[in-house]
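Undergrad: Let me give you the structure first, and then I'll get to my questions.
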Amino acid sequence: MEPAERRIDLTEEHTHMATRAGVALLAFAVLALPSRPAWAQGAGGIAGVVRDSSGGVLPGVTVEASSSALIERVRAVATDAEGQYKIIDLRPGTYVVTFTLSGFRTFKREGVELSAGFTATVNVDLPVGTLEETVTVSGQSPIVDTQNVVQQKVITQQILQSVPSSRSNYAALTPGASRSTDVGGSNGSDSGATFTIHGSRGGDVRRLIDGMRWNSMEAANAGTGFYFDPTAAEEIAIQLGGNSAEFELGGVQVNLVPKSGSNRFNGYGFAGYTNNSLNSTSIPDALKARNLPSVGAVDYVYDYSGSLGGPILKDKLWFFSAQRWWGNSTFVPGLYYNKNTAAWIYQPDLSRPAVNDNTNRHHNARFSWQLSPRHKLNLSWDTEQNCVCHGALTALASPEGTYKWDFGPPNYILQATWSHPRTNRLLFEAGATTLIFQYVGKPTEPLPEGADRQISVVEATTGFRYRSNGGFYNFGTYGNKVTDQSNQRFAVSYVTGTHNFKTGVQVMEGWRHHEQRPPGSMEYVFRNGSPLSITQYATPNLETERLKANLGVFAIDQWTIKRLTLNLGLRFDYLNAYAGATDLPAGPFVPARKFDAIPCLPCWTDINPRIGAAYDLFGNGRTAIKGNIGRYVAGQAVDIASALHPVNSSVYQVTRNWNDVNGNYVPDCDLTSPLENRECGPISDLNFGRNNPRATQYSPDVLTGWGHRGYNWQGNISFQHELRPGIGLNVAYFRTWYGNFTVTTNTALTPSDFSQFCVTAPLDPRLPGGGGYPVCGNYDVNPAKFGQAQTVVQLASQYGDQSEVYNGLDVTVNARLKALFVTGGLNTGRTETNNCGVVINNPQVTALQSGATYSGPRSEAFCDNVLPWAGQTQVKFAAIYNLPWDLQTSATVQSYPGTSVAAGGVGSTFVYSNSQILPSLGRNLSSCGAAATCTGTSTVQFLAANQRFENRYAQFDLRFARTVRIARTRVQGIVDLFNAFNARPVLSLNTRYSGTTGGSWLSPTTTLVGRLIKFSAQLNF
């Protein structure tokens, strides 16, 4: 007679089935990390087929998924006519899946682990018997998703708590992610939390909480500044490619799946600290030989956090709350505080090295409420107040010459989400998220003359700024800034075993308010300490923009046909932003001004298909071949509305010469007069404060229409295989290509208004062929047309073809064994950007898609630029190993290609004099005018970007930990060794060639922070 319950452990059975081929593949892939695909935004799922012992499908089988992660405990569905079932919207956790049908034994599958966006395949053959007889199967959880096609990286709390990192540096753990230069939090705790990958762009990156955006309106709605506490996340699900129709953009989507409490109380605490005495600051001899005078070093890094969650009412109402305090400070090489910030001449105080420092305070509360068996409500509140206390401080500014950003008081995110499984097949979801985000730009320290009066000074020979942070559109100008947004979603899912159909709508509204208050509404320019000129600003200055609607409507069907699952999606996108009306009172130099609102900046409409397929190769859920292709729009919010706001289209600043005859550093003249008087020359533009007729305009077909928005297509093909229980391999090919490029053109000129010239590259053995080669394709406007300008942003297709294409390969593995966890990966790629069809023979085209001025020669050697495979090949992995006596060691390694000899995408340059250009041009440079002696110059790029690279380097981080257990409480002491082997790669270098020997060309300017030891402790109960 059969026992009432029979238990089967699949782990040992599958282990014996491992083949020699699988072992060989593991040896090859031990450096890699697999990406788990995702379909839902923050939840997982379980799917499969139920058959009888003869192989026939069984409809009507009740399938229940139970877990302590569910506040409702159990979610149930039934198999359809094909014997298929799908359970969706399951929180990350470990599940027991139970199958029941009259006339068959009850079947239980234990230990099914789900992460966000992962669908576990659980196929079952039900044995004949009675419901009272139970077969229980345990073993390793499925690790191959045979239904979803989205490429995804999941970072669990185990990884966050066990590997040496700054706790938010997800880029360091993701093969292919853009380079991370953080060493133990030296760049700030949020460094590496967002990144680009597979040819994507920073403007397409989005941060999500429970699947909803919380980026600010800045930077095409990719703005950061509000930093989420990873302590409050159950896990971080990062989508790396193939995003479904639920997503507007194709860039990286970082989704923080929040903790929500449970039926028992759980707590966590963390404390970590390091300072300069634990940081190596030595300069290697090789860098000294390259004229590196000093290196950046850590001043201090601290990170303290804690959380508590549990039941208010068991199975009814849960709570979770997390708190975090962190900060960092790093020394700026070669820079010191000003001895007297009110003095007209900067004098460094060598006893006070300058620092870049940041602080952050974050508090979180979340409630999960099971209103009824079929209604669940989540409410969350995150608030923080932080400080960028010396923003973007470099060697080009004294500490008081930069800014302090105070974020708050305080900023917060409010979120509410609702789910309603109306039946076992019909699911309703809704949510609303609001970000209130404001900050104030202010002086970094008290100014003796006051923030409104202590005028900034810029030294003309070096660009060095001191006394205060003045100017307009200087990153961090004083004034109040507000950049709020609110977004909502609603979706309906209808799920059978064969189909998982979902349709929904998403909408976002946003507000931006940007004020600029330069002290004194002026800025002085000195040359070698003597007054040279004055810049006057049209103040008050305030612009407002509105994102009227960013609307997305989508439909997706996940259709399973035997072993093939199709992912079919279509998305409608509509974006409408405008510049708000502005009334400004009179200021020191301009009268009261009134600006009307301007609509449709822009108004875009797009249709974007997304198609994918996943095939369960052998039908056992352990091998899948996948592919997908999709069209995605480019990120945008109010950037164009800001660029075309009438305040910004006015003449908002002018310059005038200043001859300080009496040396009192006071302009002894009437600055309200536009004409020359006493010590001051005339202002540079008599339209000061009024509309600027030469302001940049946008072509109507750039701003409005169907399909006129920037876009990209993405495709990938992948092979995923379970080598043995707990070990999975992923090999994937990616391709990304862009369209609807724009260019900025001076429409006042035509190609015939320019003359071409060649120059000779410097003679230097470090250049190709020793240098001395001709560099042609340079242009100078003809003297009769000099100074004429009317810039218009147009579609690049009006001038020719332009392309940007990425091709790349990932090889990744994830190994979860008894005492060892290994995750890592190899990524390599090639990016080709070809602007030749646009810039060759079109010297009136001044800027490309990025908005940066095109500065290269208009020849194929410069306009067809390739970042080669070697320049993008990287290896990253992390390992955690549990030793006896509650000891644990872990490590991460990041291997990167060397830095390209380029600055902002521009290769090496040389300033050529008029006499060097004259033989080729046949005349003086037009900038010289009628001067008897021409002193004009032209800066020419003689070596394209990505032609020369620094050496490859690797950063190793190590951790040693010991755990002490007291009942349910675990206390762990931690020692982290960041950059353990003290690698000092060059991260940036001088690209300007000067003199006959190069001057400081290729001299390093920044390097990776040296070895850093950090002490921490964490507590779990």
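Undergrad: If you take the C-alpha gyration tensor of region 287-440, multiply each eigenvalue by 5 and take the square root, what semi-axes do you get, largest first, in whole Å? Please list the in-between numbers first.
TA: Numbers: eigenvalues 481, 51, 41 Å².
With the √(5λ) rule applied to region 287-440, the semi-axes are 49, 16, 14 Å.
Undergrad: Relative contact order of the chain: what whole-number percent is it, with Cα pairs under 8 angstrom and at least 6 residues apart?
TA: On the way: 3053 pairs, mean separation 111.7, N = 1021.
This gives 11 percent for the chain.
Undergrad: Let me ask something else. Among A538, P897, T483, which residue has its Cα furthest toward the positive end of the charge dipole of the chain, with +1 on Lys/Arg Cβ and -1 on Asp/Glu Cβ?
TA: P897
Undergrad: A further question follows. Pulled fully out, how much extra length does the chain show between T605 and N982, if you take 0.36 nm times their separation in residues and subtract their Cα-Cα distance? Before the final figure, lay out the partial values.
TA: On the way: separation 377, 0.36 × 377 = 135.72 nm, distance 5.15 nm.
Gain in length upon complete extension: 130.6 nm.
Undergrad: Just how many % of Cα pairs in region 692-761 lie over 16 Å apart, if you round to the nearest whole percent?
TA: Values: 1811 of 2415 pairs.
Every Cα pair in region 692-761 considered, those over 16 Å come to 75 percent.
Undergrad: Counting other Cβ atoms within 10 Å, keep those with at most 14, restrict to DSSP loop, and tell me which GluC sites (Glu not before Pro) in region 361-454 are left.
TA: Details: sites: E384, E400, E429, E449; in loops: E449.
Filter output for region 361-454: E449.
Undergrad: While we're here: Using Cα atoms only, what is the angle between the long axis of helix 20-29 and the major principal axis of the chain, expressed in degrees (0 to 90) to the nearest 10?
TA: 20 degrees
Undergrad: Fully extended, how many nm does the chain gain between T461 and R425 (0.36 nm per residue separation, minus their Cα-Cα distance)? Let's see the in-between values first.
TA: Numbers: separation 36, 0.36 × 36 = 12.96 nm, distance 7.11 nm.
That pair, T461 and R425, stretches by 5.9 nm at full extension.
Undergrad: Next up: Using 0.36 nm per residue, how much length does the chain from F719 to N276 gain when fully extended, once their Cα-Cα distance is taken away?
TA: Numbers: separation 443, 0.36 × 443 = 159.48 nm, distance 4.66 nm.
Going from the current span to full extension adds 154.8 nm.
Undergrad: With r defined as the distance between the Cβ atoms of E72 and N662 and R0 fixed at 60 Å, what FRET efficiency is calculated, to the nearest 0.05?
TA: Working: r = 82 Å, r/R0 = 1.36.
With a Förster radius of 60 Å, E is 0.15.
Undergrad: Please list log₁₀ I(q)/I(0) at q = 0.11, 0.19 Å⁻¹ for region 74-217, using the Debye equation with identical point scatterers on the alpha-carbon positions.
TA: Here log10 of I(q) over I(0) equals -0.61, -1.21.
Undergrad: Could you work out the local net charge near Y698, counting Lys and Arg as +1, Asp and Glu as -1, over the other residues with Cβ closer than 15 Å to its Cβ?
TA: Numbers: positive: R694, R709; negative: E545, D639, D701.
Net charge in that neighbourhood comes out at -1.
Undergrad: Divide the volume of the convex hull of the Cα atoms of region 144-195 by its number of residues and quote the answer in cubic angstrom per residue. Please list the in-between numbers first.
TA: Numbers: hull volume 4.7 nm³, N = 52.
That works out to 91 Å³ per residue.
Undergrad: Explain nothing, just the number: dipole magnitude of the chain about its Cα centre with +1 on each Lys and Arg Cβ and -1 on each Asp and Glu Cβ, in debye rounded to the nearest 20. Before the final figure, lay out each step's value.
TA: Details: 82 positive and 76 negative charges, 282 e Å.
Result for the chain is approximately 1360 debye, rounded to the nearest 20.
Undergrad: While we're here: Among G999, F821, S938, which residue has its Cα positioned farthest towards the positive end of the charge dipole of the chain, with +1 placed on the Cβ of Lys and Arg, -1 on the Cβ of Asp and Glu, and the dipole taken about the Cα centre?
TA: Projecting each Cα onto the dipole axis, the largest value belongs to F821.
Undergrad: Label D349 and S752 with points 7 Å out from Cα along Cα→Cβ: what is the distance between them in nm?
TA: About 6.4 nm separates the two model spin labels.
Undergrad: Taking every pair of distinct Cα atoms and averaging 1/r, then inverting, what Kirkwood hydrodynamic radius in Å comes out for region 668-731? Numbers along the way, then the final one.
TA: Numbers: mean 1/r = 0.0524 Å⁻¹.
After inverting the mean inverse Cα-Cα distance, the result is 19.1 Å.
Undergrad: Would you list which lysines come within 17 Å of K314, measuring only between C-alpha atoms, while excluding same-chain residues fewer than 8 positions from it?
TA: Straight-line reach from K314, under 17 Å: K259, K376.
Undergrad: Also: Can you sort M508, M217, M522 from fewest to most other Cβ atoms within 10 Å of each residue's own Cβ? The partial results should precede the final answer.
TA: Details: M508 23, M217 29, M522 20.
The fewest-first ordering by Cβ neighbours comes to M522, M508, M217.
Undergrad: Restricting attention to region 531-573, which chymotrypsin sites (Phe, Trp or Tyr not before Pro) occupy a DSSP loop and are surrounded by at most 12 other Cβ atoms within 10 Å?
TA: On the way: sites: Y537, F554, W559, F572; in loops: none.
Sites meeting the loop and neighbour criteria: none at all.
Undergrad: At R0 = 56 Å, how high is the FRET efficiency between L379 and R527 if r is their beta carbon distance? Nearest 0.05 is fine.
TA: Working: r = 60 Å, r/R0 = 1.07.
Taking R0 as 56 Å, the efficiency between L379 and R527 is 0.40.
Undergrad: Moving on. Pull out a ≥ b ≥ c, the square roots of the eigenvalues of the alpha-carbon gyration tensor of region 685-808, then state rounded if a/c is under 1.5, prolate if not and a/b is larger than b/c, and oblate in the remaining case.
TA: On the way: a/c = 3.25, a/b = 1.50, b/c = 2.17.
Cα axes put region 685-808 in the oblate bin.
Undergrad: Under a Cβ-Cβ cut-off of 11 Å, what is the net charge of the residues other than D315 that fall near it, where Lys and Arg count +1 and Asp and Glu count -1?
TA: Neighbour charge sum, excluding D315 itself: +2.
Undergrad: Are there GluC sites (Glu not before Pro) in region 83-165 that DSSP puts in a loop and that have at most 14 other Cβ atoms within 10 Å, and which ones? Mind dumping the intermediate values first?
TA: Values: sites: E110, E113, E132, E133; in loops: E132, E133.
Here the GluC sites (Glu not before Pro) that fit, given the DSSP loop and packing criteria, are E132.
Undergrad: Here's something else I'd like to know. Using a cut-off of 15 Å between beta-carbons, work out the net charge of the residues near H420 (Lys and Arg +1, Asp and Glu -1, H420 not included).
TA: On the way: positive: R75, R374, K376, R422, R425, R489, K502; negative: E72, D89, E429.
Value of the local net charge: +4.
Undergrad: Semi-axes of the equivalent ellipsoid for region 151-258, please: Cα gyration tensor eigenvalues, times 5, square-rooted, ordered largest first, whole Å.
TA: Values: eigenvalues 78, 44, 40 Å².
The equivalent ellipsoid of region 151-258 has semi-axes of 20, 15, 14 Å.
Undergrad: Still on this structure, I have one more. Between A365 and K818, what's the calculated FRET efficiency when r is the beta-carbon distance and R0 is 35 Å? Round to 0.05. Can you show the working numbers first?
TA: On the way: r = 38 Å, r/R0 = 1.08.
Step by step, r from the Cβ atoms, then E = 0.40.
Undergrad: Working only with C-alpha atoms, what are the Rg and Dmax values of region 568-701, expressed in angstrom?
TA: Computed over the Cα atoms of region 568-701, radius of gyration and Dmax are 27.2, 90 Å.
Undergrad: My understanding is that a pair violates if its Cα-Cα distance is over 18 Å; which of K153/K562; K442/K481; K153/K502 do that in this structure? Kindly include the intermediate steps, with their values, before the conclusion.
TA: Working: K153/K562 27 Å; K442/K481 11 Å; K153/K502 23 Å.
The pairs that break the limit, which is 18 Å between Cα atoms, are K153/K562; K153/K502.
Undergrad: Compute and list, largest first, the equivalent-ellipsoid semi-axes of region 593-671 from the alpha carbon gyration tensor, each √(5λ) rounded to a whole angstrom. Don't skip to the answer; put the middle values down first.
TA: On the way: eigenvalues 746, 88, 11 Å².
Those come to 61, 21, 7 Å.
Undergrad: For region 767-808, build the convex hull from the C-alpha positions and give me its volume per residue in Å³. Before the final figure, lay out each step's value.
TA: On the way: hull volume 8.2 nm³, N = 42.
It is 196 Å³ per residue.
Undergrad: Another question, if that's okay. What three numbers, in Å, describe the spread of the alpha carbons of region 298-354 along their principal axes, ordered from the longest?
TA: If we take the Cα atoms of region 298-354, the spans are 68, 23, 13 Å.
Undergrad: Same structure again: Given labels modelled 7 Å from the Cα in the Cβ direction, how far is it in nm from L570 to L313?
TA: 4.5 nm
Undergrad: Moving on. Compute the convex hull volume of the Cα atoms of the chain, divide it by the residue count, and report the result per residue in Å³ as a whole number. Please report the intermediate quantities before stating the final value.
TA: Values: hull volume 179.9 nm³, N = 1021.
It comes to 176 Å³ per residue, whole-number rounded.
Undergrad: Further question on the same structure: At 7 Å along Cα-to-Cβ for each site, give me the label-to-label distance between Y881 and T760 in nm.
TA: Computed distance between label sites Y881 and T760 equals 6.0 nm.
Undergrad: Over region 151-258, calculate the relative contact order: mean separation of alpha carbon pairs under 8 Å at least 6 apart, over the residue count, as a percent.
TA: Working: 206 pairs, mean separation 32.9, N = 108.
With pairs under 8 Å counted, the relative contact order is 30 percent.
Since every read-out is calculated from the coordinates, none of them should be taken as a lab result. Treat the numbers as computed from the prediction; the structure is a model and nothing was measured. Here Cβ is always computed from backbone atoms with ideal geometry, including for glycine, and neighbour counts include all displayed protein chains.
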